[in-house]
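Notes follow once the structure below has been shown.
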Amino acid sequence: MELQRIVIVGASSGIGAALAVEMARPGRSLGLVARRATELHDIATAVTARGAKAVVRTCDAVDEAAVAECWHTLLGELGGCDALVYSSGVMTEVGPREFAIAKDRHIIEVNVIGAMAWLNLGAAHMADQGRGVLCGIGSVAGDRGRRQAPAYGASKAALHTYLESLRNRLSVLGVQVVTVKPGPVRTPMLGARKLPLTVSAEVAARRISRAIARGEHTVYVHWGYRWIMAIVRCIPSIVFRRLAI
Ligand SMILES: NC(=O)c1ccc[n+]([C@@H]2O[C@H](COP(=O)([O-])OP(=O)(O)OC[C@H]3O[C@@H](n4cnc5c(N)ncnc54)[C@H](OP(=O)(O)O)[C@@H]3O)[C@@H](O)[C@H]2O)c1
């Protein structure tokens with residue numbers, strides 16, 4: 001499928017920024033969305049240097065009315081949308097004895113409600129035109145309930161299930177839905193943590209761009225994680241709760 005008009009939400013940093021640059025090529029128009037204008041304009045410069053058109057829009061994903069307004073403005077400026085990627089996300093640190101609803105709520109609002117706000121608009125548009133690609137950036141963290149990040153893991157599990165449902169509703173209408181489950185990727189979100197099989201944002205972006213072009217269903221950015229997570233998913237709960245992961 002020819003993808004000429006692409007919207008990336010969360011394009012100011014990390015995976016979303018690298019994906020914008022990776023997908024930029026002559027003849028394409030990219031809508032770049034996040035809250036920070038300066039960072040978005042820097043990415044827009046890199047996108048236009050590769051021969052694509054870039055349109056920058058600031059928008060907070062938790063503001064439903066602003067999301068709808070931003071989407072409709074972008075549709076007008078790009079002349080439509082062939083692919084929508086939701087890469088925005090937050091992974092707020094929580095201490096081992098911390099059970100904080102304000103932090104948890106924010107994670108769910110950005111990672112789940114924000115994703116639904118954007119992807120629902122994309123789904124309606126693409127269902128009407130009978131083609132297109134929707135892509136959500138989940139995480140291997142959504143495959144099991146780990147100790148360190150309860151709300152983050154839950155948010156990604158919710159996103160994965162939501163994306164699967166969208167795929168089941170939309171595939172009959174000609175719309176592809178891609179679920180990306182990265183392991184560790186070197187971005188500001190990962191910070192200084194050193195984890196095995198970490199990939200650069202550029203490597204992740206190349207893999208995600210290929211998955212979008214092919215309309216793949218579920219992508220583990222590093223191939224090793226497909227096998228690691230197949231094993232991790234099988235670990236009995238009574239064993240898993242003893243592991244410090
Ligand atoms: N890095 C990893 O190891 C890793 C692993 C698995 C999954 N992921 C997932 O990959 C996605 C991208 O993460 P990253 O590593 O690229 O992190 P990042 O560099 O911190 O980027 C996060 C992006 O989310 C945007 N964002 C945050 N809050 C927002 C809000 N309220 N409204 C709109 N945009 C918002 C940020 O833009 P503004 O601050 O400008 O709004 C930024 O563009 C996330 O969904 C993350 O959960 C990352």
The chain: angle of helix 201-214 to the longest principal axis, Cα-based, in degrees nearest 10: 60 degrees
Percent RCO, i.e. relative contact order, over the stretch 5-240, from Cα pairs under 8 Å lying at least 6 residues apart: 18 percent
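For a distance above 15 Å, tell me the whole-number percent of Cα pairs in the stretch 25-118 that qualify.
Details: 2842 of 4371 pairs.
Of all Cα-Cα pairs in the stretch 25-118, 65 percent lie more than 15 Å apart.
Rounded to the nearest 500 deg cm²/dmol, what is the calculated helix-only ellipticity per residue at 222 nm for the chain, with -39500 (n - 2.57) per DSSP H run of length n ≥ 4? Could you put the intermediate results ahead of the total?
Working: 9 runs with 111 residues, N = 245.
Only helices count here, giving -14000 deg cm²/dmol.
Near ALA34, within a Cβ-to-Cβ distance under 12 Å, what is the net charge of the other residues, with Lys and Arg +1 and Asp and Glu -1?
Working: positive: ARG35, ARG36, ARG57; negative: GLU39, ASP42, ASP60.
Net local charge, ALA34 excluded: 0.
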Relative counts (whole %) of C-alpha pair distances in the stretch 106-206, using bins that are 10 Å wide: 15, 41, 32, 11, 1
Centroid-to-centroid separation of the stretch 50-73 and the stretch 122-189 [C-alpha atoms, Å]: 19 Å
Tail weight of P(r) past 27 Å, computed on alpha-carbon pairs of the stretch 5-240, percent: 30 percent
The stretch 46-184, Rg to Rh (Cα coordinates; Rh as Kirkwood inverse mean 1/r): 1.00
C-alpha long axis of helix 223-232 to longest principal axis of the chain, angle in °: 40 degrees
ARG35 long-range amide H proximity, modeled H, under 5 Å: CYS59
Protection proxy ranking, peptides 103-113, 89-99, average beta carbon neighbours within 10 Å, highest first: 103-113, 89-99
Cα-based reach from LYS156 at 27 Å (exclusive), listing lysines while leaving out same-chain residues under 8 positions away: LYS103, LYS181, LYS194
The chain - Cys residues lacking any other Cys C-beta under 4.7 Å: CYS81, CYS135, CYS234
Per-bin percent of Cα-Cα distances, the stretch 164-215 [5 Å]: 4, 18, 21, 18, 13, 12, 9, 4, 1
Charge context of VAL94, other residues only, Cβ under 11 angstrom, K/R +1, D/E -1: 0
With Cα atoms, 0 to 90° folded angle of helix 37-49 axis to the chain main axis: 60 degrees
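Readers should treat all values here as calculations from the given coordinates under stated rules, not as data from a laboratory. The structure presented is a predicted model; accordingly, all values stated were derived computationally and were not measured. Note that each Cβ is placed from the backbone with ideal geometry, even for glycine, and that neighbours are counted across all protein chains shown.
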